[in-house]
Amino acid sequence: RESVTTAFYTSPEIIEAVYQGLSQFGFKKGTILEPSVGVGHFFGAMPDSISESRLYGVEKDGISGRIAKLLYPKAKIKICGFEDTVFPDNFFDVAVSSMIRSMQSITSAFMIISLQKHWIRSDREVL
């Protein structure tokens with residue numbers, strides 16, 4: 001039920017633009033995080049030039065997360081909220097995602113902020 005208000009579709013054009021940006025920055029291979037993987041559109045549209053990268057995804061919605069696991073068995077996908085994940089510092093080389101459009105807030109240990117700000121902050125911490 002939660003996915004009704006929190007799941008969003010990212011168009012292929014947006015995904016392509018993200019990967020073009022990574023290419024322009026010189027990214028060729030590494031460890032990639034998708035903090036809201038859904039069914040894995042970012043993984044599925046990954047260009048061949050970076051396809052040897054190690055993929056990690058997080059998805060709160062159980063149905064979408066299980067679909068992503070089936071579609072991308074080599075990816076390590078956690079089915080939980082991103083705020084509940086623990087990754088070592090500096091583990092990821094890049095994070096790919098479209099900005100979520102939810103205005104929901106979550107409670108963190110010391111702050112209440114929008115999910116967008118939480119993800120940006122959290123992505124930077126694990127990169």
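The values are calculated or read from the model by the stated rules, or taken from the named source; none is laboratory data. Owing to the predicted nature of the structure, the values given are computational and were not obtained by experimental measurement. A quick note on method: Cβ atoms are made from the backbone with ideal geometry, for glycine too, and the neighbour counts reach across all protein chains shown. Accessible surface areas use protein heavy atoms only, side chains included; no ligands, DNA or RNA. Shrake-Rupley method; radii C 1.70, N 1.55, O 1.52, S 1.80 Å.
May I ask you to list the residues in segment 23-65 that are part of a loop (DSSP other than H, G, I, E, B) and among the hydroxyl-bearing types (Ser, Thr, Tyr)? Talk me through it step by step, then tell me what you get.
Within segment 23-65, the subset part of a loop (DSSP other than H, G, I, E, B) is 25-30, 35-40, 45-47, 51-53, 60-61.
Of everything in segment 23-65, those that are part of a loop (DSSP other than H, G, I, E, B) and among the hydroxyl-bearing types (Ser, Thr, Tyr) turn out to be SER36, SER51, SER53.
Report the residue count in segment 66-89 for those that are in a loop (DSSP other than H, G, I, E, B), under 22 Å from MET46 (Cα atoms) and either open to solvent by 100 Å² or more (accessible area, probe 1.4 Å) or in contact with a strand residue (DSSP E or B) (Cβ under 6 Å, 6 or more places away or on another chain) (or both).
Going residue by residue through segment 66-89, those that are in a loop (DSSP other than H, G, I, E, B) are 72-75, 80-81, 85-89.
Filter again for under 22 Å from MET46 (Cα atoms), leaving 72-75.
Filter once more, keeping what is either open to solvent by 100 Å² or more (accessible area, probe 1.4 Å) or in contact with a strand residue (DSSP E or B) (Cβ under 6 Å, 6 or more places away or on another chain) (or both): 73-75.
Residues meeting the conditions: 3.
Looking only at residues in segment 44-65 that are closer than 16 Å to ALA17 by Cβ and either without any contact (Cβ under 8 Å) to a residue 24 or more places away in the chain or not β-branched (Val, Ile, Thr) (or both), which one is most open to solvent (accessible area, probe 1.4 Å)?
Keep residues of segment 44-65 that are closer than 16 Å to ALA17 by Cβ, which gives 44-47, 49-50.
Next, from what is left, pick out any that are either without any contact (Cβ under 8 Å) to a residue 24 or more places away in the chain or not β-branched (Val, Ile, Thr) (or both): 44-47, 49.
Values: GLY44: 51, ALA45: 52, MET46: 25, PRO47: 44, SER49: 91 Å².
Step by step, filter segment 44-65, then rank; the result is SER49.
Is it the case that segment 82-96 has a residue that's at positive phi and more than 14 Å from the chain's Cα centre (by Cα)? It would help to see each step written out before you state the result.
Initially, segment 82-96 is screened for residues at positive phi, giving 90.
Among the residues that remain, those that are also more than 14 Å from the chain's Cα centre (by Cα) are: 90.
Scanning segment 82-96, I find at least one residue that is at positive phi and more than 14 Å from the chain's Cα centre (by Cα), so the answer is yes.
Any residue in segment 7-29 that's touching a residue at least 12 places away in the same chain (Cβ under 8 Å): show its pairings with residues that are among the aromatic types (Phe, Trp, Tyr) at Cβ separation under 8 Å, as long as the two are six or more apart or on different chains.
Note: pairs meeting the criteria are THR10/PHE42; ILE15/PHE42; VAL18/PHE42.
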